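The values are calculated or read from the model by the stated rules, or taken from the named source; none is laboratory data. Since we're looking at a predicted model, the values are computed, not measured. Because the Cβ atoms are built from the backbone with ideal geometry, glycine has one as well, and the counts that use them run over all protein chains shown.
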Amino acid sequence: MQRMRKPAFTLIELLVVIAIIAILAAILFPVFAQARERARMSACVSNMRQIGASLMMYVQDYDETYPYCRFHGALGTAASTNVDSWRNAILPYLKNLDVLGCPSNPFSRTTSGVQGAIPPKRGANAEGWERVPEQRMPISYNMNQCASSWVPADSKNPAPPPPLRLGQLARPAETIIVGETTWATSDFGAEWLWNDCPAIFTHSAGRTANFVFFDGHAKNKTWMSTLYPVTQNNWEPVDHPDPNNLNLSGAPPCTYAMPKGPDAKEFQKPECLAYR
């Protein structure tokens, strides 16, 4: 009497199955990673909408006046501790402190009590952390220094310009007030796109970033589209009608010339190509 042999996979069949699983994993893992990043990016833009709404509530409460970028102190200066930032000014209007952090930004996860640094280090805090009970401040979002000067409100030399008022803005819906960065400072400027490229943050899904505009709305854009065409740049609070004029007319120090276009050599450095 013969025994019935149970069917079994041969070694070749097992290898084929393993190879198929490996191929499927190689295809699907990047898709899952992109899906996770898009979810984080959505959470980030949701945070920025809350920041935009908080800024508009501040403006309504302070007679149509926006907060200074800094009220006291600045990293990299003699008054680099106990900085009073725009972040501190809008905190009373936010649900919680973590709205100021983007889940995609590796520097947003800070450690209580760790002083910020330029360039940034993991775990360090953004300006303003000493003035909150939690003793921390996420690094993610900075204010446009071309519209609102980086100079602290209590600075004597140089003296700051008056705070920006809503009525001074020629294009509030097209002018950035807050954007995404990796630095612990309170401000960022257009020149960072060619001089301080590592400070520019971009989401891996789509190579774009989120921005808050002076009317309070938040939008996703590529960094280059914030500069060009120059007549539609999102940095200056004033109109820029001349396409041949590459000089920005923003708050000091945002009075420099832009590169000639997106393909200019200034943007070809490896650290600048990383955000494009």
For this session: Being surrounded by fewer than 16 Cβ atoms within 10 Å (Cβ to Cβ) and at pLDDT 95 or above narrows it down to one of 184, 190, 173, so name that one.
Result: 173
For this session: State yes or no: is residue 60 of a type in the set (S, T, N, Q), over 16 Å from residue 188 (Cα atoms), at pLDDT 95 or above and surrounded by fewer than 22 Cβ atoms within 10 Å (Cβ to Cβ)?
Result: yes
For this session: Out of 112, 140, 104, report the one residue that is hydroxyl-bearing (Ser, Thr, Tyr) and modelled with pLDDT under 95.
Result: 104
For this session: Determine the pairs where a residue that is closer than 27 Å to residue 204 by Cβ, located within segment 87-102, has a partner that is in a loop (DSSP other than H, G, I, E, B) and among the aromatic types (Phe, Trp, Tyr) with Cβ atoms under 8 Å apart, the partner being 6 or more residues away or on another chain.
Result: 102/201
For this session: Would you check which residues across segment 153-169 are surrounded by 14 or more Cβ atoms within 10 Å (Cβ to Cβ), aliphatic (A, V, I, L, M) and either without any contact (Cβ under 8 Å) to a residue 12 or more places away in the chain or assigned to a loop (DSSP other than H, G, I, E, B) (or both) and list them?
Result: 153, 164, 169
Problem set entry | Filtered residues of segment 239-257 (kept if free of Cβ contacts under 8 Å to residues at least 24 places away in the same chain and in contact with a Pro (Cβ under 7 Å, 6 or more places away or on another chain)) | 243
Problem set entry | Residues of segment 186-203 classified as over 22 Å from residue 42 (Cα atoms), touching a Cys at 6+ places or on another chain (Cβ under 9 Å) and in a loop (DSSP other than H, G, I, E, B), total | 4
Exercise. Residue check, residue 68 against (1) surrounded by fewer than 20 Cβ atoms within 10 Å (Cβ to Cβ); (2) part of a loop (DSSP other than H, G, I, E, B), all met but one. Which one?
Worked result: (1)
